[in-house]
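What follows draws every value from the coordinates through simple rules; no lab data is involved. This is a predicted model, so every value here is computed, not measured. Cβ sites come from the backbone with ideal geometry, for glycine too, and all protein chains shown count toward neighbours.
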């Protein structure tokens with residue numbers, strides 16, 4: 001069990017009384033808000049947790065939101081961070097994850113809260129950080145609807161944060177990782193306010209997927225976020241994907257060249273959000289490999305966390321501060337970046353070596369190791385495995401190893417394996433695939449169809465219910481329902497058509513890295 005003791009919840013008699021009276025007006029530290037009631041939850045949307053990032057705050061650390069008088073409407077979604085369109089990826093429709101894209105407005109450092117219809121005063125809380133390669137995404141994606149969590153007794157909070165240049169560009173006159181700082185500010189808001197929604201501030205699980213998962217991994221055990229969460233969930237992230245300062249400087253220099261300004265907060269201050277977003281496509285082909293480091297995300301995004309040490313190394317050194325961890329990846333992560341654009345059956349031997357060379361100084365050694373570990377795999381399957389492990393799988397396992405070795409909290413590892421028939425069956429168990437099941441939203445119509453993530457055939461009847469229940473159980477009790485992972489017994493739960501606990505899954509491949 002975690003060694004963290006529960007913090008006493010702040011006094012919030014007025015808020016709890018209001019909830020007990022079925023009143024949708026809730027006081028927060030900045031003012032009162034009014035939400036709405038659905039069939040399964042009370043919902044509060046677009047709730048500010050920090051001041052609008054405009055003017056001098058655009059590239060600064062987040063500040064508290066100014067107070068307001070009266071009652072602020074929280075029945076509708078608010079604006080989102082400036083971002084490029086992300087509704088499609090080649091042949092694949094991703095609108096369930098990205099909604100309508102950029103919704104302009106200054107006051108976008110907001111969060112959404114789903115709380116049970118009849119909440120108790122100390123319900124477990126999940127704070128979820130969305131995906132989007134550090135340049136896109138928001139709380140508006142239909143997949144992130146938290147009604148399923150509220151129905152099952154969990155208060156679910158989803159968070160908007162700064163993206164792209166405002167959120168993650170390395171600037172000499174501004175703090176790094178401003179989007180990460182936004183997430184920490186949201187956690188502090190939760191500590192100060194969530195009891196008024198029926199949540200327990202002493203039982204907060206910080207969760208995220210992809211870019212959101214990497215942010216979560218960087219926060220676990222970090223001194224700037226201590227005591228603001230108890231557990232963590234890292235879905236398809238990495239503990240080894242942070243950029244070095246040299247790599248981040250390459251991106252900053254490219255932004256300066258493209259925009260014709262000094263790559264500083266002062267130099268960018270007068271440029272519009274539209275201008276900053278418009279330059280992003282020109283950065284996609286940057287070579288971020290250096291003499292000391294490969295591109296940690298294999299070229300899928302020019303933005304990411306900028307850190308002196310990789311999160312896995314930091315956790316190994318400083319410990320996890322008693323934070324129980326649920327972490328995992330999907331078996332065919334990289335097919336999301338391949339199958340929408342090409343027939344994977346056209347993969348060649350050259351593809352294997354080019355892919356391995358993105359991440360490893362001895363690509364031939366890596367390819368040979370994968371052939372030995374998977375003797376019946378096709379070239380296409382090896383291609384997907386190498387790229388997926390380079391981007392997510394290896395960094396996930398290294399983070400799990402580092403966390404498990406600290407010995408001050410439990411580690412639970414999973415691999416999601418269910419494969420739909422999407423894109424002629426080539427999409428596999430790709431990046432994003434577990435999210436609809438975690439949120440128990442796999443029945444969303446937009447997720448089904450020949451160009452949709454879940455394809456044309458329904459998934460197993462109980463898969464969403466079982467996955468969602470495991471996440472709920474972990475948030476409530478710190479145990480998803482399978483054996484913990486340890487350096488001596490590295491147990492991974494395979495989640496798919498069937499579930500099984502496997503010791504040493506993919507160990508032979510990971511050793512080759």
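In table form, for the structure just shown:
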{"item": "Prolate/oblate/rounded call for the stretch 370-513, Cα gyration tensor, a/c under 1.5 rounded", "result": "oblate"}
{"item": "Cα shape, the stretch 283-442, gyration tensor, a/c 1.5 rule", "result": "oblate"}
{"item": "Theoretical gain in end-to-end length, residue 266 to residue 473 [0.36 nm per residue, Cα-Cα removed]", "result": "69.8 nm"}
{"item": "Mean Cβ count within 10 Å, highest first, over the residues of peptides 158-171, 432-445, 355-368", "result": "158-171, 432-445, 355-368"}
{"item": "Full-extension gain in nm, residue 39 to residue 501, via 0.36 nm per residue minus C-alpha separation", "result": "162.7 nm"}
{"item": "Distance (nanometres) between label positions extended 7 Å along Cα→Cβ at residue 466 and residue 308", "result": "4.6"}
{"item": "Residue-averaged 222 nm ellipticity for the chain, from DSSP H runs of 4+ at -39500 (n - 2.57), nearest 500", "result": "-8000 deg cm²/dmol"}
{"item": "Spacing of the two label points (7 Å from each Cα toward its C-beta) at residue 346 and residue 60, in nm", "result": "5.2"}
{"item": "Between the stretch 351-396 and the stretch 277-319, the alpha-carbon center distance in angstrom", "result": "20"}
{"item": "Gap separating the Cα centres of the stretch 435-468 and the stretch 123-188, nearest whole Å", "result": "23"}
{"item": "Stretchable slack from residue 457 to residue 274, in nm (0.36 nm times residue separation minus alpha-carbon distance)", "result": "61.9 nm"}
{"item": "Packing-based order for 81-90, 380-389, 339-348, 407-416, using average beta carbon neighbours within 10 Å, highest first", "result": "380-389, 407-416, 81-90, 339-348"}
{"item": "Coarse-grained scattering of the chain at q = 0.09, 0.12 Å⁻¹, given as base-10 log I(q)/I(0) from a Debye sum over alpha-carbon atoms", "result": "-0.59, -1.10"}
{"item": "Cα gyration tensor, the stretch 459-510 - rounded (a/c under 1.5), prolate or oblate", "result": "oblate"}
{"item": "DSSP beta bridge pairing in the chain, given as percent antiparallel to the nearest 5", "result": "40"}
{"item": "Overall Cα dimensions of the stretch 277-330 - principal axes, largest extent first, Å", "result": "43, 27, 22"}
{"item": "Contact order normalised by residue count of the stretch 13-511, Cα under 8 Å, 6+ apart, percent", "result": "14"}
{"item": "Ratio of Rg to Rh over the stretch 242-335 (Cα coordinates, Kirkwood Rh, two decimals)", "result": "1.06"}
{"item": "Ranked packing of 487-495, 209-217, 262-270, most packed first, by mean Cβ within 10 Å", "result": "209-217, 487-495, 262-270"}
{"item": "Rg followed by Dmax, in Å, when the stretch 229-274 is reduced to its Cα trace", "result": "15.9, 45"}
